[in-house]
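Everything on this sheet refers to the single structure shown next.
The values are calculated or read from the model by the stated rules, or taken from the named source; none is laboratory data. Predicted, not measured: the structure shown is a model, and the values here were computed from it. Glycine gets a Cβ as well: all are built from the backbone with ideal geometry, and neighbour counts include every protein chain shown.
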Amino acid sequence: MDWIVILQAGVASGTVLLFATLGEIFAERSGVLNLGVEGMMLMGAMSAFSVAVKTGNPWLGVLVAMLAAGLLSQVHAFITVTLQADQVVSGLALTFLGTGLSLVLGEGLSKAGTVALLPAFSIPLLSRIPLLGPIFFTDQNVMVYLGYLLTPLAWYYINHTRPGMHLRAVGEHPAAADTLGISVYRLRYFYVFVGGTLAGLAGATISLAISPGWFSELTTAGQGWIAVGLVIFAQWDPVRGAIGSYVFGALRRLILDIQGPQTLLWFANPFYYNPYWGFFLQMLPYAFTVIVLVLGSREAVRKRLGAPAALGLPYIRGERGL
Amino acid sequence: MPDFVLPFRIKAEPRLDTPPVWYTWFVSLLAIVVALFLGGIVIALAGGDPIRSYIHIGKASFGSWGVFSDTMVKAIPLILVGLACTVAFRMKLWNIGAEGQFFLGAFGASAVVLTGILPEDASRWVYIPLMMIAGIAAGALWGFIPGYLKAKYNVNEIISTLMLNYIAIAWNNFFIFGVWSEGGFQMSKTFPRNAWMPRLADYAKEFPALRGLTTHLGLVFGLLAAVLVWYVLYRSRWGYEIRLIGDNPRAAKYAGVNIRRNTVLVMMFSGALAGLAGMSEISGVVHRLQGAISPGYGFTGIIVAWLAKLNPFAVVLVSIFFGALILAGREIQPSGVPKMIQGIILVSLIASDYLLRYRIRIIRTTQEA
């Protein structure tokens, strides 16, 4: 096993989680919990692959994926912001809807064959940095580099810009934001849309870059839910979200690769000789998500950190909130 | 000033009274009709024929006693899982893990047979109750974990129950592919006859009309469980606490209700019902442990509970409807249709709640000078 290769692939696989996590951070920072990430990702993965098959242009696929998932997210925005329904149930419904829609519209796509994928390349100079170069800047997909750019941008936007402050205001104290003339409803629609497009981007990154193809529900295999968990672990901070995503990505890769070699650290590899022990390895990302949540909640209690104060609450103008 | 003014405008006013029961049902029905209409549009877009698809669903699930009996077979796990979700949702505990609890229930029941703790020819009266206990216990354990994590560490139960779904499936796969694999196939050996729950068809000798009917004893479990859940939720002190926590956790706390303890207990109760569903599917239908034992029963149960407005008896009726959808959906192309329709139904159902909370008025706008 080559650790560099595993970490390199882990960063690529973590990029999927990164986009989904960043998107959910935007939505939740505005006060809207959207549990439909898994459904929106599937929608994105399906439409990206479908468009790439039909037009031969993966970039068009990415664009359509972001639009399709963004559009789907507006169903959730309408139900929770305008109709003021429960965000938990609506998010679940969105996952069902997105899964069902992408299964129906993606019928037959799994036999579509090969398509043009998003390009991978190395960054000159940066790729020659020892250790970091081969892991982060060599033969990575263009989406991975996009992730490097998006993370600091998101962090800067949320914490140090005026619209970012409005975003936080809407999520922490919508009534106060409203009195300042910030449109709570419009911003919440907008950031749910942003979350949707990023989930769509995550889906497109799977189907056109990281593990190309359409494998119905197995395309995402619960990564959307892991992203929702990572947001809590990340304390709604993009940089922590990125770290969590890459660690999880590396874990996913490690699990795939650990079953290959006959010896592991000079010992006979038990996963090689008992292939069905691999099922226990498969449990790890999900078990880790739960463990991460336990650790995250303990830390939140210690540091008195918390979710955006208005997360999950509908804003009704003129009603006493919070 | 706009040049054109609509002759009416629509105004939504908060409803102060609780709407009548018939109105609640009417709104739910309306939501389903709208959902089927929207689903039809998508089917047409995907190149199918919506009307033929729907007629096919109707015929293939209610067309004869034989297929109706098959519909009931699909409804049995839905009833139990729907009740599991009902119990948890009433306390606003979002147990999304009924699917995993179902798988663990199936595992527990199978373990009774496959670990060889009973002689091969043990009586039905030993097998079935033991399998029930094991299934219920395994499901309750799978509910205990997220309940405990929520009570002790405030871990979001939506995510923990979902993660446990994936773990449960991998756990079962370990046994199906490895430990209990029969001749290298991805399934266990078939259970001895005494571990099968009786079906209506078993009594065809005495009552010829029952020939070929597959409905099994699980239906009785489902109906009894509905009565039990109704009694617990609406007639017992515990149920009062559950409802109080669900409606107003702060008031419950001041009233001295132990929220943490109830979180764990309700998750276990919920998991137990879902585990029983898994046992009933294994013992009543599949008769061995294998991979694809659930077309997403645990998730459909969420929609069932919601559509039934958390009413245990309505759960039974709604389960039959969804059982029909699952049964008939197997032959429909594209194959994702039942899942999609379930999604659309849930979405329009949640949206329709608005009509229960607000009174929609159409007001004629008078020409103002």
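What the table shows:
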{"quantity": "Neighbours by Cβ (under 9 Å, 6+ apart or cross-chain): first from region B:209-230, acidic (Asp, Glu); second surrounded by fewer than 20 Cβ atoms within 10 Å (Cβ to Cβ)", "calculated": "none"}
{"quantity": "Residue within region A:54-72 that is closer than 24 Å to A:Ile158 by Cα, assigned to a helix (DSSP H, G or I) and touching a Pro at 6+ places or on another chain (Cβ under 6 Å) present", "calculated": "no"}
{"quantity": "Hey, B:Val257 out of contact with any Pro (no Cβ under 7 Å at 6 or more places or on another chain) and within 14 Å of another protein chain (Cβ to nearest Cβ) or not", "calculated": "no"}
{"quantity": "Residue match in region B:315-334 (condition: of a type in the set (Ser, Thr, Tyr), surrounded by 20 or more Cβ atoms within 10 Å (Cβ to Cβ), within 14 Å of chain A (Cβ to nearest Cβ) and touching a residue at least 24 places away in the same chain (Cβ under 8 Å))", "calculated": "no"}
{"quantity": "Wholly within region A:209-287, helices (runs of 4 or more DSSP H) carrying at least 3 residues that are in contact (Cβ under 8 Å) with a residue 12 or more places away in the chain, under 28 Å from A:Ser50 (Cβ atoms) and within 12 Å of another protein chain (Cβ to nearest Cβ)", "calculated": "A:223-233"}
{"quantity": "Conditions (1) more than 12 Å from chain B (Cβ to nearest Cβ); (2) under 18 Å from B:Ile158 (Cα atoms); (3) aliphatic (A, V, I, L, M); (4) without any contact (Cβ under 8 Å) to a residue 12 or more places away in the chain: number failed by A:Leu313", "calculated": "(4)"}
{"quantity": "Residues within region B:27-53 that are free of Cβ contacts under 8 Å to residues at least 24 places away in the same chain and within 22 Å of the chain's Cα centre (by Cα), tallied", "calculated": "2"}
{"quantity": "Flag for B:Arg15 being among the basic types (Lys, Arg), farther than 30 Å from B:Leu210 by Cβ and in contact with a helix residue (DSSP H, G or I) (Cβ under 9 Å, 6 or more places away or on another chain)", "calculated": "yes"}
{"quantity": "Hits in region B:350-360 - residues which are more than 14 Å from B:Val304 (Cα to Cα) and at the interface with another protein chain (Cβ under 7 Å from one of its Cβ atoms)", "calculated": "B:Ala351, B:Asp353, B:Tyr354"}
{"quantity": "Residue among B:Met131, B:Met197, B:Met163 that is surrounded by 15 or more Cβ atoms within 10 Å (Cβ to Cβ) and in contact with a strand residue (DSSP E or B) (Cβ under 8 Å, 6 or more places away or on another chain)", "calculated": "B:Met197"}
{"quantity": "Residue, nearest to the other protein chains (Cβ to nearest Cβ), within region A:296-310, restricted to residues that are in contact with an Asp or Glu (Cβ under 8 Å, 6 or more places away or on another chain) and crowded, with 16+ Cβ neighbours inside 10 Å", "calculated": "A:Ala307"}
{"quantity": "Looking only at region B:170-207, and only at residues there that are within 26 Å of B:Ala75 (Cα to Cα) and among the aromatic types (Phe, Trp, Tyr), the one that is farthest from the other protein chains (Cβ to nearest Cβ)", "calculated": "B:Phe207"}
{"quantity": "Out of B:Gly66, B:Gly47, sole residue that is surrounded by fewer than 24 Cβ atoms within 10 Å (Cβ to Cβ), more than 30 Å from B:Phe191 (Cβ to Cβ) and small (Gly, Ala, Ser)", "calculated": "B:Gly47"}
{"quantity": "Among residues of region B:110-128, those that are buried (at least 24 other Cβ atoms within 10 Å of the Cβ) and farther than 18 Å from B:Ile167 by Cα, counted", "calculated": "2"}
{"quantity": "Options B:Val81, B:Val21: the member that is in contact with a Phe, Trp or Tyr (Cβ under 7 Å, 6 or more places away or on another chain) and either within 25 Å of B:Val227 (Cβ to Cβ) or of a type in the set (Gly, Ala, Ser) (or both)", "calculated": "B:Val81"}
{"quantity": "Selection status of B:Val347, assigned to a helix (DSSP H, G or I), closer than 30 Å to B:Phe37 by Cα, at pLDDT 90 or above and away from chain A (no Cβ under 12 Å)", "calculated": "no"}
{"quantity": "The listed residue being in contact with a Leu (Cβ under 8 Å, 6 or more places away or on another chain) and more than 13 Å from every other protein chain (Cβ to nearest Cβ), out of B:Leu210, B:Leu228", "calculated": "B:Leu210"}
{"quantity": "All positions within region A:288-310 that are under 23 Å from the mean Cα position of the chain (by Cα) and not in a helix (DSSP H, G or I)", "calculated": "A:Leu305, A:Gly306, A:Ala307, A:Pro308, A:Ala309, A:Ala310"}
{"quantity": "Total residues in region A:273-295, condition surrounded by fewer than 19 Cβ atoms within 10 Å (Cβ to Cβ) and among the aliphatic types (A, V, I, L, M)", "calculated": "6"}
{"quantity": "Total residues in region B:141-159, condition farther than 20 Å from B:Asn258 by Cα and either more than 7 Å from chain A (Cβ to nearest Cβ) or modelled with pLDDT of 95 or more (or both)", "calculated": "2"}
{"quantity": "Residue in region B:274-289 that is modelled with pLDDT under 95, more than 16 Å from B:Gly139 (Cβ to Cβ) and either in contact with an Asp or Glu (Cβ under 7 Å, 6 or more places away or on another chain) or within 12 Å of another protein chain (Cβ to nearest Cβ) (or both) present", "calculated": "no"}
{"quantity": "Residue check, A:Leu35 surrounded by 23 or more Cβ atoms within 10 Å (Cβ to Cβ) and closer than 30 Å to A:Glu172 by Cβ", "calculated": "yes"}
{"quantity": "Residue in region B:277-286 that is of a type outside the set (Lys, Arg), in a helix (DSSP H, G or I) and within 30 Å of A:Ser73 (Cβ to Cβ) present", "calculated": "no"}
{"quantity": "B:Ile360 vs. criteria over 18 Å from the mean Cα position of the chain (by Cα) and not charged (D, E, K, R)", "calculated": "yes"}
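A quick yes/no check of all residues on (1) free of Cβ contacts under 8 Å to residues at least 40 places away in the same chain; (2) assigned to a loop (DSSP other than H, G, I, E, B); (3) farther than 20 Å from B:Gly291 by Cα; (4) within 14 Å of chain A (Cβ to nearest Cβ):
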{"position": "B:Gly82", "(1), (2), (3), (4)": "no, no, yes, no"}
{"position": "B:Leu93", "(1), (2), (3), (4)": "no, yes, yes, yes"}
{"position": "B:Phe102", "(1), (2), (3), (4)": "no, no, no, no"}
{"position": "B:Ala106", "(1), (2), (3), (4)": "no, no, no, no"}
{"position": "B:Ser110", "(1), (2), (3), (4)": "no, no, no, no"}
{"position": "B:Tyr127", "(1), (2), (3), (4)": "no, no, yes, no"}
{"position": "B:Leu130", "(1), (2), (3), (4)": "yes, no, yes, no"}
{"position": "B:Gly135", "(1), (2), (3), (4)": "no, no, no, no"}
